[in-house]
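I have placed the structure first, in the form of structure tokens, so that the comments after it can refer back to it.
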Amino acid sequence: MKRAAAIFCLLLVYGAAWGYLINPQTLVSSCGSLDGISFHSSSSLGEGCAGKATGTSFITEAGFSSGIQTSSVPTGDAAPIISNLKFDGQVILNDDYIKSNAVITASVTDDASGINLSLSSIEVDSTFTAFTASNYNATTGILTYQGSFADGNHTFRIHARDNSGNYAASVALPFRVSLGEAQIPGTVLNVPNPFNPGIGQRTEICYQLNKDAEVAIYIFNTINQLIKKINCTAGGTGGRAGYNKVLWDGISDFAEVVANDVYFARIVSGGKQLGKCKIAVIK
Amino acid sequence: MQNCSYKIIIFLLWGVIAGIAYGGALDPTRVGMGARAIALGRSQAAARDLFSTFVNPANASALEHYGFTSMYGTLAEDSPYTLIGAGFPIREGTLGTVGVSFLSLGVSGIQVTTFDATGRAQPLSSFDYNNRLLTVSYGKEINPRAALGASLKYFSRAFEGQASASGFDLDAGILYYPQKNLTLGLALQNLLPVDWANLAWAKTREDIPLNLKMGLVFTPREDWLLIGDYDSAGGIHAGAEWVVRKFLALRGGMENLPSGKSSTVTNYSLGVGLRYAGFNFDYAYYLDSLISANSSHFFSLSLELPFKTMETPAILPARAPSQEVAPLTQVQKKTVVITKKKAKTPPPKKKVAAKKNIKKKTALPELTRYSRR
């Protein structure tokens, strides 16, 4: 009886150890710095750890915020690498706004066998578009997708498979498109706040815009006198769908460094105030 | 004495030419002192009421009664602007008039921010900002055609938990009456140079720039008042007041403000004044033509002591050069006649006082009934 129990225990320990080793996530996380379901790996242990990931997003040193999932295909060849996913040249985060005809680009590369176009696809809201010679440049590895999105929420994802059968996919990236009036969803903040223009410090007025729009930022002092106006063209800095950062150096339109005080930045488009923030200047 | 007035004016103008500066720390009085002044396009260099005392201290000389006043408004949607003030004529103004005011402008919920790892702005905490001003003014007639005044101002500013500063400055002003229905006013605000006073922060010292205000009040008719100011730091202001009834006045104003080195913006204002006995209620709506959210409501409540009855109305014309007797209005003429008739019998003490009061009023110039506080 004791012998049977000992054998049973041994089997349990063996089984647990085997189960641990065959789990692909465990295999990958053993190369360090990965946590959760989003990661970049190859089918072989210890390869392809190109960044740090937490939760469901993957962030490279360049700030790219998207992850890659992979299936383990033990061919000895690394899975495709998807990186630099950008919307109109901008890195976006979950639920950011983009314009409806945004051009999406990403780098999709493979180290050995090359990308299999017919087995790779772009997924938009569960609709798949295959890689073709017209949207994928095999020489540069740049994938281009011309968006034509309707008003509302969408999801974008890239699926890539190489000729060895290795598979990789970016994390599904949710984003939004608005065709209505210009709006600033969320709050407007300036960073840093307070700031000191007396030593050359500048502050960035940050806000999300739901669509490309002509925007003006009016900065008033506490007695409601206009001291600075910053014009932002539609699609340019400050007027682009998505997250905008507009610099102010603390110099007024009277060509003077402003005094210690609180200033009200008001973001206006089409005669309508979209958002505001309070900027403190302390020298 | 008239030469003396001219010399003072020339001296003040010289000071302006020598020292006017733009920019620098803000003088919060530029918001406008009192709902009446705001309704009149923020014109008050020569307005001769209690609120205007804190813009041009010479206006204090026009006060004949103890007065208490208050104002409330909101700037930039959520920044409260409050003002309380009082005026105390010494020996019925023969020794001049002292005015005291306290102004407070607050901004709350200013976010301290940073960028997170994804490069997005995130709030960390928040703090409040207070901008306060205590003013003590004195004004006195120096001759039948002119009055002088001066104000000592104590500024205090604090970014809660971040930085604070305080400092003094000085205003000087003059009123001049070239004719019975015209008053000219000139004020030099914040005369002290930065080395002497102004705002001392921990690391810097900020000048509150010298500002010139010149203004006039013209009363073409008893029930109409036209007012205008030139403000070297804040543009041109103008307004009109129509006294519809003894207790009711309607006002409108506009101002043209610099919004850059070569651009200006024009804003408008409207208002109404109600008065009963010694109480005055004034309302102003300031319409910002650039940003509608900057448009604000302002309210003032004032009290004059002793209380006046409607028979000895509070809406008599304002004070005049004491040796010039302005023509009486129909209402005044009737009142004087009645008083004279009653004076044949030995009047009780109260009526003597009333008569005395009326005599004083008859010496007032033809500003509208609403021009006094």
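A few comments on the model shown:
- Residues of the stretch B:135-168 that turn out to be more than 14 Å from chain A (Cβ to nearest Cβ) and either among the charged types (D, E, K, R) or in contact with a strand residue (DSSP E or B) (Cβ under 9 Å, 6 or more places away or on another chain) (or both), as a count: 20
- Of residues in the stretch B:276-286 being crowded, with 24+ Cβ neighbours inside 10 Å and not small (Gly, Ala, Ser), the one farthest from B:HIS65 (Cα to Cα): B:TYR286
- Odd one out for A:LEU143 among (1) within 14 Å of chain B (Cβ to nearest Cβ); (2) free of Cβ contacts under 8 Å to residues at least 40 places away in the same chain; (3) crowded, with 18+ Cβ neighbours inside 10 Å; (4) under 21 Å from the mean Cα position of the chain (by Cα): (1)
- Residue in the stretch B:64-87 that is surrounded by 15 or more Cβ atoms within 10 Å (Cβ to Cβ), of a type outside the set (Asp, Glu), assigned to a loop (DSSP other than H, G, I, E, B) and within 14 Å of chain A (Cβ to nearest Cβ) present: yes
- The residue that is farthest from the chain's Cα centre (by Cα), among those in the stretch A:204-221 that are part of a strand (DSSP E or B) and closer than 18 Å to A:PHE149 by Cβ, is A:LEU209.
- In the stretch B:181-207, the residues that are out of contact with any Ser or Thr (no Cβ under 9 Å at 6 or more places or on another chain) and assigned to a loop (DSSP other than H, G, I, E, B): B:ASN190, B:LEU191, B:LEU192, B:PRO193, B:VAL194, B:ASP195, B:TRP196, B:ALA197, B:ASN198, B:LYS203, B:THR204, B:ASP207
- Summed over the stretch B:223-275, the residues that are hydroxyl-bearing (Ser, Thr, Tyr), farther than 14 Å from B:GLY32 by Cα and buried (at least 17 other Cβ atoms within 10 Å of the Cβ) give a count of 2.
- Yes/no for A:VAL257 being touching a helix residue (DSSP H, G or I) at 6+ places or on another chain (Cβ under 7 Å) and either among the hydroxyl-bearing types (Ser, Thr, Tyr) or not assigned by TED's automatic domain parsing to the domain that holds A:THR109 (or both): yes
- Condition check for A:LYS278: more than 7 Å from chain B (Cβ to nearest Cβ) and either buried (at least 22 other Cβ atoms within 10 Å of the Cβ) or over 19 Å from A:PRO192 (Cα atoms) (or both): no
- The condition of being within 30 Å of A:PRO192 (Cα to Cα), hydrophobic (A, V, I, L, M, F, W, C) and not in a helix (DSSP H, G or I) holds for B:ILE110.
- Candidate set: the stretch B:151-178, residues that are more than 18 Å from B:LEU133 (Cβ to Cβ) and touching a helix residue (DSSP H, G or I) at 6+ places or on another chain (Cβ under 7 Å); chosen: the one surrounded by the fewest Cβ atoms within 10 Å (Cβ to Cβ): B:TYR176
The values are calculated or read from the model by the stated rules, or taken from the named source; none is laboratory data. Keep in mind that what you see is a predicted model, and the values were worked out from it rather than measured. A quick note on method: Cβ atoms are made from the backbone with ideal geometry, for glycine too, and the neighbour counts reach across all protein chains shown.
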